[in-house]
1. On average, how many beta carbons from a partner chain sit within 10 Å of the beta carbon of a residue in A:106-113?
2. Can you list the copy-to-copy distances for residue A:39, using a point 7 angstrom from Cα toward Cβ, in nanometres, shortest first?
3. Starting with the fewest neighbours, write out A:95, A:87 ranked by other beta-carbon atoms found within 10 Å of each beta-carbon.
4. Across peptide B:39-52, how many C-beta atoms of other chains are within 10 Å of each residue C-beta, on average?
5. Using the 10 angstrom Cβ neighbour count as an exposure proxy, how do A:58, A:82 rank, fewest first?
6. Just want the ordering: A:61, A:50, from fewest to most Cβ atoms lying within 10 Å of their own Cβ.
7. Sorted from largest to smallest, which semi-axis lengths in Å does the alpha carbon gyration tensor of the stretch B:72-130 give for its equivalent ellipsoid, taking the root of 5 times each eigenvalue?
8. Say a label goes 7 Å from Cα toward Cβ at residue A:107 in every copy; what distances in nm does this one have to the rest, shortest first?
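Please treat every number below as a calculation from the coordinates, not as lab data. Treat the numbers as computed from the prediction; the structure is a model and nothing was measured. Counting neighbours? That spans all protein chains shown, and the Cβs are built from the backbone with ideal geometry, glycine included.
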DNA sequence: AGATCATTTCGACGACTGTCAATATGTACG
DNA sequence: CGTACATATTGACAGTCGTCGAAATGATCT
């Protein structure tokens, strides 16, 4: 490892900044979060994706849709106890993030989970189970 | 807020809500997101945790700390191009979320990644790799 | 075309978030 | 104890977010 050196001396930075990147590292699995250097753009993108999930209503949305396999939007306001426009708003965020897929059937809109996308996000988090 | 889903008509709900348990379902692995029913509390908690990660500055923070093994707070304002109070604020959010661990060494504060916590979050996302 | 119903978009509002300068707290050393 | 420096907290401000009612759009059936 770098040099923790319990000793408290002069500037500790010396050993912390660059190193480790390559050397040590017990073979990180995936690319992003735990990878070497996350670019500003990559960070923005990952943050945007995570923001799409980081809301209780949207998490329940994903959960309900996943549990049912597919769900008609018409049932969601009651299930989530939110107004219909609010539900529509959350749905559009999840679709934009690629987590849900929308399909029009007659006058109803149905939603399915994109499991691959969830897997991607998992991997981006540096999935330690690879 | 009338009461939808009751039907005098050919409401599509009929087949959507309960299902999955029904047939296919290739044995979901982990508990939370893709599990049966996410409680309101569970959703709030997961959302809180994800919110902690859903910010570009904090993602870079995690990335930098992970890459270095451990990092002195004193280096971070420069690396992240943010003021010292701002960095301190983000650090405290990550520590509160359990993603980073703080250790005082002399006058410096050092931060390490809690990889187990990240793994937990991954699993909560319904990690399809289990 | 007109009627009806599902969904989206618009407008507004309160709550929360990221940011920094200024100040406070804490830690070590003389 | 007092000084010096690292980090945390406070206060303020602009921007974003979640929410809903109202209105617009889209779809189907007569």
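1. Per residue, the average neighbour count from other chains is 2.
2. Those label-point separations list as 4.4 nm.
3. By the 10 Å Cβ count, ascending, the order reads A:95, A:87.
4. Across the residues of B:39-52, the mean count of other-chain Cβ atoms within 10 Å is 5.
5. Ranked by crowding around the Cβ, least crowded first: A:82, A:58.
6. Arranged by neighbour count, lowest to highest, A:61, A:50 become A:50, A:61.
7. 27, 13, 9
8. 7.1
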